[in-house]
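Here the structure is laid out as structure tokens; the discussion comes afterwards.
The values are calculated or read from the model by the stated rules, or taken from the named source; none is laboratory data. Quick caveat: nothing in here was measured; it's all calculated off a predicted structure. Methodologically, a virtual Cβ is constructed for each residue, glycine included, from the backbone with ideal geometry; neighbour enumeration extends over all protein chains shown. Heavy atoms of the whole protein, side chains included, go into the accessibility calculation; ligands, DNA and RNA do not. Shrake-Rupley method; radii C 1.70, N 1.55, O 1.52, S 1.80 Å.
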Amino acid sequence: MSTTSTAFEKARAEARATLVGYLPAGFPDVEGSIAALRTMVAAGCDVIEIGLPYSDPVMDGPIIQAAAQQALDAGIRTSDVLRVVEAVAATGTPTLVMTYWNPVERYGVERFSQDLADAGGAGLITPDLTPDYAPEWIAAADARDLDKVFLVSPSSTDERIALTTAASRGFVYATGVMGVTGTKQATAAGVAPLIARTKALSPKQGADLPVGVGVGVSTGAQAADLASYADGVIVGSAFVRTLLDHPRDRAAGLAALATLTEELAGGVRA
């Protein structure tokens, strides 16, 4: 069982959902992102998702794009992302990288996988890579016990959901709304059918593959709403926006980040 699976199991034993928190590495700068992610861990995130800044995202909305561009403008490199992973994973919290596939291919799949494992990373979330086009990544991940988190969406066919869940490890990422992050709010009524289909079509009906819901969650009330259906609630844009709102006051930004994390952690426990 991977560390990510263990975190989901722990939350399930406490009769609650898991809180997964996202920030891009290098935002507001490398050391600032480490401080922010550690703050999120201390305030209640069960699993951490670190974004690898990329110039041509397909899933990230304007809020995350602004943060990623700031990191890119400051010259962040993949080696910096792995340094952030190492610092956060050292807390003992499962730490995954969310990345588009081009940077991994450019870095080298085998090299990236080994460096991620050496940094203590738990695995990858790959929004633009489907299992049928991922044999090299799947082999590299399996060789190192890294989690493979693929995505399903409301438009996914039953065949596609079955294929995706069979290939996923750690959890499967269900997008709560169609569209990019940070622009629409997910609701339990809207995402419940996708969660039900995903569980029904998963190996063992989802008994050993949690379903995490992301895109469109920003408040404790929303987290509580979704936590009644999903095994995990994934939050990204709301955390990024909190830091963007405090561009010149890092202490205030971290304090606000802790407050938001506590609110969301309370939501998944409601």
The farthest towards the positive end of the charge dipole of the chain, of the residues ALA141, TYR173, GLY266, given +1 on Cβ of Lys and Arg and -1 on Cβ of Asp and Glu, is GLY266
Would you work out which of PRO53, LEU163, VAL152 lies farthest towards the positive end of the dipole of region 36-187? Charges go on Cβ: Lys and Arg +1, Asp and Glu -1.
PRO53
I want to check the label-to-label distance for ASP29 and ALA200. Put each point 7 Å from Cα in the C-beta direction and report it in nm to one decimal.
5.3
Here are some values of Kirkwood radius over Cα pairs in Å: [x] 18.0; [y] 19.7; [z] 22.6. Which one was computed from this structure?
[x]
Find how many whole Å separate the alpha carbon centroid of region 112-158 from the alpha carbon centroid of region 187-234.
20
Order of 118-126, 201-209 by packing, highest average Cβ count within 10 Å first?
118-126, 201-209
Any idea what the dipole of the chain comes to, in debye rounded to 20, about its Cα centre with Lys/Arg Cβ at +1 and Asp/Glu Cβ at -1?
460
Take every Cα pair under 8 Å in region 71-222 that's 6+ residues apart, average their separations, divide by the length, and report that relative contact order as a whole percent.
17
Accessible area per residue of the chain at 1.4 Å probe, in Å²?
40
Computed from every Cα-Cα pair in region 1-132, P(r) in 10 Å bins starting at 0 and rounded to whole percents is 13, 45, 34, 8, 0
Classify region 65-117: rounded, prolate or oblate, from the alpha-carbon gyration tensor (a ≥ b ≥ c, eigenvalue square roots; a/c under 1.5 rounded; otherwise prolate if a/b is larger than b/c)?
oblate
Using the Cα centre as the reference, give the magnitude of the dipole from point charges on the C-beta atoms of region 22-120 (Lys, Arg: +1; Asp, Glu: -1; all else neutral), rounded to the nearest 20 debye.
60
Please compute the length gained on full extension between ILE138 and THR157, using 0.36 nm multiplied by the number of residues separating them and subtracting their Cα-Cα distance.
4.7 nm
Tally up the carbon and sulfur contribution to the accessible surface of the chain as a whole percent, 1.4 Å probe, everything protein left in place.
52
Evaluate E = 1/(1 + (r/R0)^6) for ASP128 and ALA66, where r is the Cβ-Cβ distance and R0 equals 25 Å; express this FRET efficiency to the nearest 0.05.
0.80
Evaluate the relative contact order of the chain (contact order divided by residue number), counting alpha-carbon pairs under 8 angstrom at least 6 apart; express in whole percent.
22
Starting from the Kirkwood Rh over alpha-carbon pairs, what translational D in µm² s⁻¹ does region 80-226 have by Stokes-Einstein at 4 °C and 1.567 mPa s?
81
